[in-house]
Structure formats: structure tokens, C-alpha cells
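Everything on this sheet refers to the single structure shown next.
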Protein chains: 2
Amino acid sequence: MRGSCLMKKKVLVALGGNAILRHKEKGTAEEQLENVETACQHLVELIRDGYKLAITHGNGPQVGDILLKNERSKDILPPMPLDICGAQSQGMIGYMLQQSLRNEMKKANIDIPVVSVTTQTVVDQNDQAFHNPTKPIGPFYTAPESDRLKKEKGWSMIEDSGRGYRRVVPSPEPKTIMEKGIIKTLFRSNAIVIAAGGGGVPVILKENGSIKGVDAVIDKDLSAQIFASDIGAQVLLMLTDVEKISLNYRKPRQMDLNKITTKKARHYLQEGHFAPGSMAPKVKAAIKFVEAGGEKAIIASLETGRRALKGRAGTTISQA
Amino acid sequence: MRGSCLMKKKVLVALGGNAILRHKEKGTAEEQLENVETACQHLVELIRDGYKLAITHGNGPQVGDILLKNERSKDILPPMPLDICGAQSQGMIGYMLQQSLRNEMKKANIDIPVVSVTTQTVVDQNDQAFHNPTKPIGPFYTAPESDRLKKEKGWSMIEDSGRGYRRVVPSPEPKTIMEKGIIKTLFRSNAIVIAAGGGGVPVILKENGSIKGVDAVIDKDLSAQIFASDIGAQVLLMLTDVEKISLNYRKPRQMDLNKITTKKARHYLQEGHFAPGSMAPKVKAAIKFVEAGGEKAIIASLETGRRALKGRAGTTISQA
């Protein structure tokens with residue numbers, strides 16, 4: 001099963017956060033490991049089909065829990081900033097995926113090394129997002145707490161759907177993956193690389209040449225595009241909780257899309273068909289990926305990913 | 001500065017937990033990053049001296065904090081088991097080291113890729129340690145809490161130096177590093193690899209061939225020996241908070257050791273000169289490393305590591 005990788009089609013799989021921790025679940029380790037196991041069973045099917053995989057994943061629910069645990073302990077332990085919490089979530093999810101994928105491959109008699117790499121993603125410190133933080137993270141606060149945090153920590157706070165106040169952080173565009181060279185080396189060596197978890201830990205490049213973590217979150221699908229293009233993947237496969245992307249989603253004239261060109265995709269994007277922070281970044285990532293030379297980008301559910309790769313499910317976005 | 005690595009002496013540096021978080025500190029991210037920066041400045045000196053490095057590190061204080069944060073939030077969030085907390089600490093410390101070492105190398109005009117790899121270390125499920133848990137971890141509990149945890153979770157608890165009750169977990173011997181192949185590939189590719197953090201996440205190999213995380217801790221110096229031997233390092237450099245190892249440590253006739261043979265080292269070890277969980281595993285790791293073909297093992301402080309590599313400080317343990 002460890003055949004030459006020269007002929008294999010290279011696929012970067014981007015796993016949505018819900019592949020690991022579903023919204024209605026409590027988030028026990030057992031639940032998360034079980035979900036990861038299911039995801040890995042699907043991934044092993046792709047490997048059996050002959051694809052050469054690399055993997056990235058979301059980290060929203062996990063970082064949320066880590067932030068809340070920090071908040072709950074702040075009277076006795078200094079809370080860690082967002083970049084460090086993100087790195088913790090990479091270690092945690094990377095470990096679960098790495099272990100589970102190895103176990104599922106073993107069952108299928110496949111022997112490919114699998115590794116997760118702590119990843120830093122460079123963002124531009126002049127990115128407009130830093131003037132307009134939009135991404136709610138962490139626990140809910142009361143109005144007085146919110147006011148105090150604004151003053152004490154300089155956080156931006158918003159009122160979130162009647163449930164209280166939450167911190168919002170910038171979501172700048174990813175520019176480069178710091179560990180690009182390492183990731184390419186590993187991918188070429190035939191390993192399955194798990195990287196850029198949660199979009200990567202956001203860092204800025206300072207004028208003195210140093211890099212530094214920042215309090216921001218990066219969209220994991222936009223980083224997935226960079227990761228995919230870096231390793232020369234032919235396919236960017238984004239697995240989420242819907243089977244296809246749609247026009248007029250959840251409206252009377254909803255129309256599911258099977259196959260569209262990047263030109264159409266950009267048109268629909270501009271018309272506002274895709275929700276920001278959800279489907280819009282996926283479509284953006286797809287367009288960028290194809291324009292950077294990728295063959296096609298696919299948006300599908302975890303369960304239909306395999307058929308989608310054969311053009312029988314999901315939404316495929318390609319040049320023509 | 002990116003010369004051929006063929007001629008360079010390969011050194012595995014094992015950083016003690018105190019290189020990252022000192023006991024008297026609060027443990028803020030700033031403090032930890034500052035300590036990591038200092039450690040990395042010392043490491044860059046070794047790189048400038050022409051050594052090819054790989055790195056491992058302890059994680060005791062960090063895992064302690066993560067466990068305490070979990071305990072503090074258990075009414076609203078399910079606590080994560082020890083293996084997952086360990087993986088989180090690898091992500092966190094790996095990130096800090098990776099970023100800081102890159103920055104310090106940049107200042108010195110050195111361009112070597114640096115990467116941290118989530119690492120699983122296999123232990124034997126029949127290891128005697130599983131019948132005799134000795135390693136205290138996590139927060140202190142009251143007597144009634146301790147009794148409840150014994151019953152509810154099956155934890156082993158001990159009374160810890162009059163400060164309360166603590167959970168004790170087994171500290172089995174490390175057997176193999178799961179990511180050995182990956183680590184070797186990266187090391188050969190000229191990267192600085194950070195791996196086996198906190199000794200690696202302990203996993204057992206089940207009869208069905210699967211691996212599974214276990215609630216245990218692995219001594220980081222014993223794993224460092226395996227890591228060092230795997231990559232064919234000539235030197236295992238263990239940096240800690242004392243400058244040398246000693247006979248009759250902190251007793252009237254304390255005698256510091258500059259250079260000893262593995263035979264002498266084993267003799268002193270058997271005489272009980274070295275504290276379990278502290279200097280004893282370092283000396284054990286040193287003996288094993290040399291017996292597996294390593295040139296020498298050195299125990300020194302962070303500050304004297306450079307001179308120790310030249311035989312002018314620390315304690316060197318070698319064949320003859």
C-alpha cells in the first residue's frame with residue numbers, strides 16, 4: 001500500500017471544527033476522539049482510493065474551551081494570550097488526529113507516517129482587520145465586566161445576540177506559512193502532514209525581522225489554500241457540515257451548486273450569496289486556490305467527500 | 001552560516017522545565033517567553049560554535065497549570081485527560097521555542113528551519129510503574145475530595161508534604177518514539193527539530209495494533225536519550241538548574257563530579273547518590289546514551305552548557 005507517490009493525486013483536506021467537536025456535545029475527550037476517529041475513517045478511504053493527503057483543521061470549539069478555562073482560573077493563574085491558546089489547540093487536535101489516523105491506517109494495513117507540525121501563519125500588521133475586529137471569541141461577559149475589560153486590557157467587545165458581551169478580535173488575511181519549507185520536506189518524504197491548525201498561530205513580521213504572536217484569528221480555509229498551493233496539491237477539499245454550497249441558502253429559491261467556474265463563484269460571492277465567516281471564506285479560498293494553479297477546489301460534507309472527489313457530490317469550483 | 005551538516009557534531013539538547021517557567025514566577029506568557037528567549041540565546045551560541053542541534057524540553061509547570069485550569073472549570077467543561085493536556089503543553093512550548101529560536105537565529109544571521117513535532121512515546125502497558133504510581137501531578141485536594149476522586153475516577157492519591165492530597169500517576173519507562181522516522185527525516189533535512197516535549201505523550205500499543213494515550217508521565221531525560229540515539233547524536237546535553245552532578249549532594253562532604261565513566265556513574269547511582277525523579281533519571285539517560293553508542297552525555301546548567309561542550313564545565317559521562 002506504500003506505492004510510489006509520483007502518480008498520486010495530491011489532496012489537501014480541510015476539516016471543519018465540527019468534524020472534531022459538534023455543537024451540541026459537551027466536548028469530553030471521549031466524544032472528540034470518537035469524532036476524530038470517524039473523520040479518520042473517511043480519510044483512510046481517500047488514501048485507499050490512491051490520493052496523497054495533507055490535512056488541516058479548524059480549532060474554534062477547542063480554543064473557546066481553553067479560553068474559558070483560562071478565564072475561570074484567572075484569580076490564581078495568569079491567562080494565556082490567544083496565540084498560545086491557539087498553539088495549545090494545535091497540539092491537542094494534532095495529537096488526536098495523528099493517533100487516530102495512524103490507528104485507522106493500521107486497520108487498513110497502510111503504513112504511512114503521520115505528523116502534526118506546530119504552525120505559525122504570517123499576517124500583515126497593516127491589515128485593515130486590525131482596525132476592525134469582527135471575530136467573537138471566548139466566554140460571555142456581563143456589561144460591567146465588558147466595560148472593565150475594554151479599559152484594563154484594551155479589548156474590543158460586542159454585544160452578542162442577547163447572550164452577553166464577548167471579545168472580538170481581528171481576522172486578518174493569511175500571507176505566508178512560516179513552516180512552509182518544513183511542510184514541503186515532510187510532504188515530499190511521503191508523510192501525511194497535519195499543519196496550519198486553526199489557520200495557524202497568527203504572527204506579524206516586525207521591522208527588526210522578528211516574528212511575534214498577535215491576538216487574532218485566521219480563517220482556516222484561507223490558510224488551507226496557502227498550505228495546499230505550497231505543497232502543489234491538485235485538489236483543495238474543504239469538508240464541512242453541508243453537502244454543497246447554495247444560492248439563496250435557506251431561502252425560498254435555494255439552488256444547490258454542483259459545479260461552477262471561478263468566474264461564476266466570484267460573481268455569486270459579490271452578490272452576497274455566501275455568509276461571511278462561513279461559506280464566503282471557503283469560496284474565496286477555492287477561487288484563490290484555482291487561480292494559483294490548483295486543478296479544483298471542492299466543498300462537501302465529511303460523508304460525501306469521497307464521492308465529491310469523483311465529481312459525484314459536493315460543489316466543485318474550477319477554471320472552466 | 002548554512003554550511004554542510006556532514007561535519008557538524010550532532011547535539012541533542014534537553015531543556016529543563018525551569019528554562020521556561022521558573023518556580024518562583026507567576027507563569028505569565030511574558031515571563032515564559034522571556035525565559036525561552038534567554039534559553040534560545042544560549043542555543044544560538046551553540047549553533048554558532050558549529051553544532052547541529054535537536055531539542056527536547058520538560059513540561060511539568062505548564063501541564064500543572066493546564067490541569068489546574070481544567071479542575072477549576074469542571075462544573076462547566078469536561079476536564080481533559082493527562083495525555084491531551086500533555087499534547088497541549090507540547091503545542092504551547094513548541095510554539096514558544098520555535099518562534100524564539102527563529103528570532104534569535106535571525107539576529108545572528110542564521111537561517112535554519114525550526115519545527116516542533118507533536119510526539120507520542122510508547123510505553124509498555126505491563127511496566128511495573130502502572131502498579132506503583134509515584135509521580136504527583138496537578139492541583140492539591142482536601143482529604144474528602146481526595147477520597148471522592150479515588151472512588152469516582154479510580155485515581156491514586158497521596159498526601160503531599162503537608163500541603164494536601166495530590167493525584168499520583170505512573171512514570172513508566174519510554175520504549176520508542178512513534179514519530180521517530182519523521183524526526184530523522186527532518187533532522188537529516190537540516191532542520192532543528194523540537195520533539196518529545198515533556199517526554200512525549202505516553203501511549204500504549206494495544207493487542208489489536210492500535211495505540212492509545214494513557215494517564216502517565218514520562219521522564220523527559222529518558223525520552224531524550226531515545227531521541228538522541230535515534231538521530232545518531234554524538235552528545236546528549238542535559239541542561240538543568242545545577243552546574244554539575246555531585247556525590248553527597250547538599251551534605252557535608254559534597255563532591256562535584258567533572259568527568260566520570262559510565263561504570264562509575266552506575267556505581268554511584270546504585271549507591272543512591274542521585275535523587276529519584278531529578279538527577280537519577282539524568283544519570284540513567286546518560287549511561288544508556290553512551291552504551292547505545294553516543295560519545296558523551298553532559299549534565300550542566302543553561303549558562304555553562306557551551307563551556308561544558310568543550311569539557312570546561314558540567315559533568316561529562318563517557319565510556320572511558
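Values quoted throughout were computed directly from the atomic coordinates according to the rules given, and no laboratory measurement underlies them. Just so you know, these numbers come straight off a predicted model, no measurement behind them. Don't worry about glycine lacking a Cβ; one is built from the backbone with ideal geometry, like all the others, and counts go over all protein chains shown.
Quick notes on this structure:
- The value of relative contact order for chain A, using C-alpha pairs under 8 Å at least six residues apart, is 20 percent.
- When B:Q128 is represented by a point 7 angstrom out along its Cα-to-C-beta vector, the spacings to that point in the other copies are 6.8 nm, nearest first.
- Residue of B:L205, B:L309, B:L239 that the Gaussian network model of chain B assigns the largest fluctuation, springs spanning Cα pairs under 10 Å: B:L205
- Rounded to 5, the percent of DSSP beta bridges in chain A classed as antiparallel: 45 percent
- Distance distribution P(r), the protein assembly as shown, all Cα-Cα pairs, bin width 20 angstrom from 0: 19, 53, 25, 3, 0 percent.
- Taking a ≥ b ≥ c as the square roots of the Cα gyration tensor eigenvalues, the range A:257-297 comes out prolate, since a/c reaches at least 1.5 and a/b is larger than b/c.
- With neighbours defined as other Cβ atoms within 10 Å of a residue's Cβ, the residues A:H57, A:H131, B:H42, A:H267 order from fewest to most as A:H131, A:H267, B:H42, A:H57.
- Gaussian network model of chain A, springs between alpha carbon atoms under 10 Å - residue of A:G200, A:G86, A:G209 with greatest fluctuation: A:G209
- Close amide H contacts of A:V169 (hydrogens built in the peptide plane, cut-off under 5 Å, sequence separation of 5 or more or a different chain): A:T134, A:K135, A:I137.
- Only beta bridges with both residues in the protein assembly as shown are counted; by DSSP, about 45 percent of them are antiparallel.
- Length released on extending from A:D49 to A:D256, taking residue separation times 0.36 nm less the Cα-Cα span: 71.9 nm
- Among beta bridges that DSSP assigns inside the range B:238-320, antiparallel share in %, nearest 5: 55 percent
- For the range A:16-116, taking Cα atoms only, Rg and Dmax work out to 15.4, 53 Å respectively.
- With 10 Å bins from 0: P(r) over the range A:11-60, alpha-carbon pairs, percent: 25, 51, 21, 3
- As a rough footprinting exposure proxy, the listed residues B:R312, B:R72 were ranked by other beta carbons within 10 Å of their own, and the order from fewest upward is B:R312, B:R72.
- Label-zone membership for the range A:179-222, site A:I110, 7 angstrom Cα→C-beta point, backbone N under 13 Å: A:191-193
- The share of C-alpha pairs in chain A whose separation exceeds 33 Å stands at 24 percent.
- FRET efficiency, A:K184 to A:D147 (Cβ-Cβ, R0 56 Å, nearest 0.05): 0.75
- Net charge, B:Q62 excluded, C-beta distance under 14 Å - Lys, Arg +1, Asp, Glu -1: +2
- Here the dipole of the range A:171-320 is about 500 debye; that uses its Cα centre as origin and unit charges on the Cβ of Lys and Arg (positive) and Asp and Glu (negative).
- Simple point charges give the picture: +1 on the Cβ of Lys and Arg, -1 on the Cβ of Asp and Glu, and for the range B:238-320 a dipole about the Cα centre of about 180 debye.
- Pseudo-label separations to other copies for B:D75 - Cα-to-Cβ vector, 7 Å, nm: 1.0
- When +1 charges are put on Lys and Arg Cβ atoms and -1 charges on Asp and Glu Cβ atoms, the dipole computed for the protein assembly as shown relative to its Cα centre reaches about 1400 debye.
- Distances between equivalent label points of A:E295 across the copies, with each point positioned 7 Å along Cα→Cβ, amount to 4.9 nm, shortest listed first.
- Cβ-based exposure ranking for A:I112, A:I158, B:I55, A:I93, in which fewest neighbours within 10 Å come first: A:I158, A:I112, B:I55, A:I93
- Alpha carbon centroid spacing (whole Å) that separates the range B:222-254 from the range B:85-117: 23 Å
- For the range A:238-320, the Kirkwood hydrodynamic radius comes to 12.5 Å, computed from all pairs of different C-alpha atoms.
- Shielding of peptide A:189-202 by partners, expressed as the average count of other chain Cβ atoms within 10 Å per residue Cβ, is 2.
- Top of A:R188, A:R48, A:R250 by mean-square fluctuation, Gaussian network on chain A, Cα under 10 Å: A:R250
- Rounded if a/c under 1.5, otherwise prolate or oblate - the range B:155-299, Cα gyration tensor axes: oblate
- Candidates B:T119, B:I158, B:A108 compared by Cα position along the dipole of the range B:104-184: farthest toward the positive end lies B:A108, with charges placed on Cβ.
- Residues with amide H under 5 Å from that of B:T240, placed H, sequence gap 5 or more: B:A300, B:S301, B:L302
- Couplings 3J(HN,Hα) for the range B:126-140, derived from phi with the Karplus relation 6.51 cos²θ - 1.76 cosθ + 1.60 (θ = phi - 60°), are 9, 3, 3, 4, 5, 8, 9, x, 10, 9, x, 9, x, x, 8 Hz, where x marks Gly and Pro.
- Closest approach to the B/A rotation axis among chain B Cβ atoms, residue and whole-Å value: B:G91, 1
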